[in-house]
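Notes to accompany the following structure.
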Amino acid sequence: MTKTANTMWGGRFAAGPDAIMEAINASIGFDRRLAAQDIAGSRAHAAMLAATGIISDSDAAAIGEGLLTVLSEIEGGTFQFSTALEDIHMNVEARLKEVVGEAAGRLHTARSRNDQVAVDFRLWVRDQCDAADEALAALQKALLGQAEDGADWVMPGFTHLQVAQPVTWGHHMMAYVEMFARDRSRFADARKRMNLSPLGAAALAGTSFPIDRHMTAEALGFDGPMANSLDAVSDRDFALEFLGAATICAVHLSRLAEELVIWSSAQFRFVKMSDRWSTGSSIMPQKRNPDAAELIRAKIGRIFGANVALTMVMKGLPLAYSKDMQEDKEQVFDAADNLMLALAAMAGMVGDMTANRDSLKAAAATGFSTATDLADWLVRELGLPFREAHHVTGSLVALAEEQGCDLPDLSLAQMQSVHDGIRQDVFDVLGVGNSVASRTSFGGTAPARVREAVAQWRKVLG
């Protein structure tokens with residue numbers, strides 16, 4: 001089998017790995033996505049080396065300009081990536097040498113690929129936290145639009161997917177606004193913790209050169225350098241934390257997607273998805289399939305899988321760096337891509353969907369949804385203990401089932417046959433509109449509360 005020399009490894013190896021070793025060892029097929037971060041880190045490192053007198057100003061200037069040339073080639077699609085050069089770091093450095101000559105060889109002074117990849121990956125994941133926050137804000141705005149339009153639209157609230165109590169469409173939409181707000185806070189918290197620079201930790205023990213790690217940290221937008229060189233090159237908890245936040249966010253997206261699938265069915269008819277987010281059937285012309293929602297619902301598997309996979313990679317590694325960590329990126333890249341796609345699709349679907357107000361209201365009035373209001377009335381107006389009121393209400397529900405009607409359809413006489421203290425004004429609380437209007441406690445479903453919540457979030461989101 002033909003072998004080729006790999007001069008980037010220096011004199012330790014007379015020849016490079018064979019084809020199989022090259023294939024398993026190379027990461028350029030995926031870590032090329034770190035090109036912009038790699039070049040940013042290298043430019044900051046070169047500037048620091050000059051500022052501390054480790055390399056000359058002229059070499060640093062040549063390196064800085066040469067790196068910009070390499071970046072433009074990568075962004076322009078003319079850069080030739082080489083598997084033989086293993087990774088993005090070696091590919092950039094090799095091309096830099098072709099562009100600026102001998103000065104390129106001084107760039108790697110006082111650093112290692114270990115701290116180089118750690119800073120590149122940390123920068124990339126930090127960018128993904130920012131992107132997720134922006135996408136989540138867009139989704140919240142779409143949900144706010146739905147909530148504002150339907151602040152007083154009555155719909156059934158469910159527990160166990162059984163009709164429980166009436167709520168408002170706006171209240172239901174605002175529940176997801178709150179969920180996605182917590183997702184944003186998780187990404188923000190993760191970003192804050194990861195915003196320390198590993199650059200300058202070198203291979204694992206730091207360096208004997210008089211570097212200024214605070215300077216490179218500031219140049220790259222970090223709050224400061226990581227305090228321990230072993231920790232700096234060996235941990236990937238920042239990536240795990242991103243995946244944890246992404247997994248929880250994907251769970252929320254999947255739950256909303258599931259509701260959209262159910263609500264758009266012929267059995268519910270709560271919402272109509274726009275043609276942009278639906279597909280037809282190849283054989284059944286009547287079908288309008290909520291494919292986008294179904295695919296979002298499936299994305300949780302990929303994102304959760306990435307979380308588990310990276311956890312398994314890291315769980316048994318001794319300090320400091322091990323080649324296992326090359327497997328840290330593909331899973332994170334895939335999870336981030338799918339999360340961003342799901343967020344964008346969900347924002348589009350929510351913004352375009354049309355709620356069927358009549359179907360929502362009709363469904364809200366089924367399943368004895370105002371039974372709790374009746375029990376509350378018995379407590380409030382007749383002074384019954386709640387447990388007794390619960391029993392009386394259950395008896396009235398059973399009577400309505402026997403009669404084939406809902407609670408508001410029972411006559412006063414029928415109600416008084418169960419409890420003679422019931423009065424005509426009980427019917428005031430049995431309508432679904434009255435029910436939701438009465439739920440004025442903080443965080444309740446009353447339209448007034450929904451509009452307050454929308455207004456507060458409008459101020460937050462702008």
To the nearest 20 debye, what is the magnitude of the charge dipole of the chain about its Cα centre, counting +1 on the Cβ of each Lys and Arg and -1 on the Cβ of each Asp and Glu? 100 debye
Based on the alpha-carbon gyration tensor of segment 384-426 and its eigenvalue square roots a ≥ b ≥ c, which shape applies: rounded if a/c is under 1.5, prolate if not and a/b is larger than b/c, or oblate? oblate
Segment 77-152 pair-distance distribution - Cα-Cα, 5 Å bins, rounded %: 3, 12, 13, 14, 14, 9, 8, 6, 6, 5, 5, 4, 2, 1, 0
What is the gain in length, in nm to one decimal, between residue 178 and residue 20 on full extension, counting 0.36 nm per residue of separation less the C-alpha to C-alpha distance? 51.9 nm
Just the number, please: Stokes-Einstein D of segment 19-106 in µm²/s, Kirkwood Rh from C-alpha pairs, 25 °C, 0.890 mPa s. 184 µm²/s
Roughly what would the spin-label model give for residue 228 and residue 127, points 7 Å off Cα along C-beta, in nm? 3.0 nm
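What does DSSP give for the chain in terms of the percent of beta bridges that are antiparallel, rounded to the nearest 5?
Values: 9 of 10 bridges.
Bridges in the chain are about 90 percent antiparallel.
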For segment 365-461 the translational diffusion coefficient, Stokes-Einstein from a Kirkwood Rh over Cα pairs at 20 °C and viscosity 1.002 mPa s, in µm²/s, is roughly 147 µm²/s
Put +1 on the Cβ of each Lys and Arg and -1 on the Cβ of each Asp and Glu in segment 19-106; which of 96, 36, 25 then has its Cα farthest toward the positive end of the dipole? 36
To the nearest 0.05, the calculated FRET efficiency linking residue 160 and residue 354 through their beta-carbon distance, R0 being 30 Å, is 0.65
Which helices of the chain meet both criteria: a Cα extent of 30 Å or more along the helical axis and a mean Kyte-Doolittle score no lower than 1.0, with helices taken as whole DSSP H segments? 237-263
Go ahead and estimate [θ] at 222 nm for the chain from helices alone: -39,500 (n - 2.57) per DSSP H run with n ≥ 4, summed, over the residue count, rounded to 500. -19500 deg cm²/dmol
Given labels modelled 7 Å from the Cα in the Cβ direction, how far is it in nm from residue 424 to residue 65? 9.5 nm
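If I stretch the segment between residue 455 and residue 80 completely, what's the gain in nm (0.36 nm per residue apart, minus their alpha carbon distance), one decimal?
Working: separation 375, 0.36 × 375 = 135.00 nm, distance 5.29 nm.
The span from residue 455 to residue 80 would gain 129.7 nm if fully extended.
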Listed residue pairs exceeding 24 Å between alpha carbons, taken from 272/299; 299/329; 192/299; 361/459; 272/361; 192/323: 192/299; 361/459; 192/323
If you scale each eigenvalue of the Cα gyration tensor by 5 and take the root, what three semi-axes come out for the chain, rounded to whole angstrom and sorted largest first? 62, 23, 19
How large is Rg over Rh for segment 293-450, taking Rg from the Cα atoms and Rh as the Kirkwood inverse mean of 1/r across Cα pairs? 1.29
Treating cross-link reach as a plain straight distance, find the lysines whose alpha-carbon is under 25 Å from the alpha-carbon of residue 97, omitting any fewer than eight places away in the same chain. 3
In nm, give the distance between the simple-model label positions of residue 212 and residue 73, each being 7 Å from the Cα along the Cα-to-Cβ direction. 3.1 nm
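Under the 0.36 nm per residue contour assumption, what length would be gained going from the current alpha-carbon distance of residue 381 and residue 258 to full extension?
Full-extension gain reported as 40.3 nm.
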At what distance in angstrom do the alpha carbon centres of segment 15-74 and segment 375-409 lie from each other? 74 Å
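Mind listing which trypsin sites (Lys or Arg not before Pro) in segment 287-338 are in a DSSP loop and have 11 or fewer other Cβ atoms within 10 Å?
315
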Determine which aspartates and glutamates satisfy two conditions relative to residue 315: a Cα distance under 17 Å, and not lying fewer than 8 residues away in the same chain. 231, 235, 237, 241, 324, 327, 328
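Every number here is computed from the coordinates shown, using simple stated rules; none is lab data. Just so it is clear, the structure is predicted and the values come from calculations on it, not from any experiment. Methodologically, a virtual Cβ is constructed for each residue, glycine included, from the backbone with ideal geometry; neighbour enumeration extends over all protein chains shown.
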